[in-house]
1. Within the range 19-37, which residues are in contact with a helix residue (DSSP H, G or I) (Cβ under 8 Å, 6 or more places away or on another chain) and exposed (fewer than 14 other Cβ atoms within 10 Å of the Cβ)?
2. Where residues in the range 111-125 are surrounded by fewer than 20 Cβ atoms within 10 Å (Cβ to Cβ) and out of contact with any Ser or Thr (no Cβ under 6 Å at 6 or more places or on another chain), which of them is farthest from residue 47 (Cα to Cα)?
3. Could you tell me whether any residue of the range 149-169 is farther than 23 Å from residue 40 by Cβ and in contact with a Ser or Thr (Cβ under 6 Å, 6 or more places away or on another chain)?
4. Step by step: first the residues of the range 67-88, then only those that are assigned to a loop (DSSP other than H, G, I, E, B) and within 18 Å of the chain's Cα centre (by Cα), then the one that is farthest from residue 33 (Cα to Cα). Which residue is that?
5. Limited to the range 126-149, what total is found for residues that are closer than 29 Å to residue 96 by Cβ, surrounded by fewer than 18 Cβ atoms within 10 Å (Cβ to Cβ) and not small (Gly, Ala, Ser)?
6. If a residue must be β-branched (Val, Ile, Thr) and touching a residue at least 40 places away in the same chain (Cβ under 8 Å), how many such residues does the range 94-125 contain?
7. Can you tell me which residue within the range 150-182, out of those that are in contact with a Lys or Arg (Cβ under 7 Å, 6 or more places away or on another chain) and surrounded by 13 or more Cβ atoms within 10 Å (Cβ to Cβ), is farthest from residue 34 (Cα to Cα)?
8. Residue check: is residue 11 modelled with pLDDT under 95 and at negative phi?
Amino acid sequence: MRKIINSTFVTLDGVINHMDHWHFDFIDADSDALTLEQITAADAMLMGRHTYDVYAGAWPGRDSEYAGRINAIKKYVASTTLTDPKWDNTEVLTGDLTDEVRRLKSTDGGPILMHGFGPVAKTLLAEGLLDELHLWYHPSLVGVGTADDRLHTEGLIAHLRYAGVRPLASGVVVLSYEAGAR
């Protein structure tokens, strides 16, 4: 059974969006190495429509080892409205999200990487379909956004098992947890 691994950037006050306010000051060789390590270990990526739109607009024109890997990797997009994805190697999951993800998990292959913690990731966590969660805590309090822009969601309850911690030179601390067990 394939694992789904979520890797999400977050501030100390729980903000996962509005990265222009806080994330880019913390990119360095350490974070670049870890992101490359994560995508190299994955056989595919799973994303929601918003993440797909942002990534498809940014990565195809870039030239780096990471860009080469993210552009080449198999990509699955959960969307009820995307019909003709332009980014290479992209398949749209149009059916019921949990059924589609159960099908993906049962196929041959390695881990499936997710970036971001929007509605798709929250649904998978609630349904016990997310296997690992890597939270990249940035040493910032930004105080922006609405409830939809935060890691914490009312009604989402999940018990996670500590799997490790990785401090980065920038001050970012990556906390890793095993999920999926009820």
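The values are calculated or read from the model by the stated rules, or taken from the named source; none is laboratory data. Only a predicted model underlies this, so the values are computations on that prediction, with no experimental measurement involved. Reconstructed Cβ throughout: ideal geometry from the backbone, glycine too, with neighbour counts over all protein chains shown.
1. To start, the set of residues in the range 19-37 that are in contact with a helix residue (DSSP H, G or I) (Cβ under 8 Å, 6 or more places away or on another chain) comprises 32, 35-36.
Answer for the range 19-37, where residues must be in contact with a helix residue (DSSP H, G or I) (Cβ under 8 Å, 6 or more places away or on another chain) and exposed (fewer than 14 other Cβ atoms within 10 Å of the Cβ): just 32.
2. 111
3. In the first step, residues of the range 149-169 are kept if they are farther than 23 Å from residue 40 by Cβ; the result is 149-162.
Going one step further and asking which of them are in contact with a Ser or Thr (Cβ under 6 Å, 6 or more places away or on another chain), we end up with none.
No, there is no match, as no residue in the range 149-169 is farther than 23 Å from residue 40 by Cβ and in contact with a Ser or Thr (Cβ under 6 Å, 6 or more places away or on another chain).
4. Out of the qualifying residues, it is 79.
5. Selection size over the range 126-149: 4.
6. So the count comes out to 4.
7. Top of the filtered list is 153.
8. On the way: modelled with pLDDT under 95: no; at negative phi: yes.
No; evaluated as a whole, the condition is false for this residue.
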